[in-house]
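Colleague: Provided herewith is a single structure, encoded as structure tokens, for subsequent inquiry.
The values are calculated or read from the model by the stated rules, or taken from the named source; none is laboratory data. None of these values were measured; they are calculated from a predicted model. Ideal geometry is used to build each Cβ from the backbone, glycine not excepted, and the neighbour counts take in all protein chains shown. Just so you know, the surface numbers come from the protein's heavy atoms only, side chains and all, with ligands and any DNA or RNA stripped out. Shrake-Rupley method; radii C 1.70, N 1.55, O 1.52, S 1.80 Å.
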Amino acid sequence: MKAMKWPRLRWRASQGVQRLGTAFLLAGQVTYHLLRGRIALRNLIEQMALVGPASLSVALITAAFVGMVFTIQVAREFITFGATSAVGGVLAIALARELGPVLTAVVLAGRVGSAFAAEIGTMKVTEQIDALYMLGTDPVDYLVVPRFIACVLMLPILNILALVTGLWGGLIIADYLYGIPRAIYIESIQNFLQTWDLWSSIIKSGIFGGVVAIIGCNWGITTTGGAKGVGQSTTAAVVISLLAIFILNFFLSWALFGGNSSLVPPL
């Protein structure tokens, strides 16, 4: 039994590496098709509705409770050290720079990325993608590009709405549980939050949206093995998307805030 496991593990590892390689190739194909301007507008509108309005409630509920929990964790400590006026500003920076883009992307990966992988994977194992080729339709144009654009456009919007909702949740906790006046809370946000923080949040969320779309579509297109393969591809797409989000977040944070100081706009 032990001798049988090593070849299987090596095969799974090589399959994962191959899928990562095809993901980069798919990203290149999407870029090429975008430059050619070939976009299925009907599919694009449908995917924007799926990524945006259909995911809005989950993203806002998540952001609201994250804002409230964060305020509970930091408000008492700040009050102890006489830094009451910094509670709202610290929450605003945390949500704008890190929590907002990352958590919204995680919600998108779990809800939308998995749906992409399952839908396209089902089309692959039932030979519907082969039928598209027979009809002279490029699957990248018809399936991948609309989903990519929808994620890149809608995730920043969801992120900004989540930011506002998270700040509102923090305001409620700060006001009713800790007695921090609303005027001080809002003034703290205005003093701490900079325009660059909002732009960095938009940049991050747009990149995360594109990554989730590429991974979900790629794992769907490369699905094999019938219904079992669809389930495995869906699970793998979510896991790889989450890993990609966390890893990219480090490099983006370093590039936007922690790298060469000349690249960071003055506060």
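Colleague: Give the carbon-plus-sulfur fraction of the accessible surface of region 69-191 in %, rounded to a whole number; probe 1.4 Å, heavy atoms of protein chains only.
Modeller: 65
Colleague: I'm a student and want to see the number: the projected area of the Cα convex hull of the chain, averaged over all directions, in nm².
Modeller: 18.3
Colleague: Over the chain, what is the relative contact order in percent, taking alpha-carbon pairs closer than 8 angstrom and at least six residues apart?
Modeller: 31
Colleague: When only Cα pairs under 8 Å and 6 or more residues apart are kept, what is the percent relative contact order across region 84-241?
Modeller: Numbers: 208 pairs, mean separation 76.5, N = 158.
Once normalised by length, the contact order is 48 percent.
Colleague: Compare the peptides 85-94, 121-130 by average per-residue count of other Cβ atoms within 10 angstrom and give them in order, highest first. Each step should come with its number before you reach the end.
Modeller: Numbers: 85-94: 21.8, 121-130: 17.3.
Highest-to-lowest ranking by the protection proxy: 85-94, 121-130.
Colleague: At a 1.4 Å probe, what is the % contribution of carbon and sulfur to the accessible area of region 194-236?
Modeller: Using a 1.4 Å probe with all protein chains present, region 194-236 comes out at 72 percent carbon and sulfur.
Colleague: At 7 Å along the Cα-to-beta-carbon direction for both Trp196 and Glu98, put a label point, then send me their distance in nm to one decimal.
Modeller: 1.8
Colleague: Roughly how many Å² is the accessible area per residue of region 88-182, as a whole number, for a 1.4 Å probe?
Modeller: Ligands and nucleic acids excluded, the figure is 38 Å² per residue.
Colleague: Something else: Given a Förster distance of 30 angstrom, what is the FRET efficiency for Asp138 paired with Phe250, based on the Cβ-Cβ distance and rounded to 0.05?
Modeller: According to the calculation, E is roughly 0.30.
Colleague: Give me the number: length gained by fully extending Trp168 to Ile45, i.e. 0.36 nm times residue separation minus the C-alpha to C-alpha distance, one decimal in nm. Don't jump to the answer; show the numbers that get you there.
Modeller: Working: separation 123, 0.36 × 123 = 44.28 nm, distance 3.01 nm.
Separation in residues times 0.36 nm, less the Cα-Cα distance, equals 41.3 nm.
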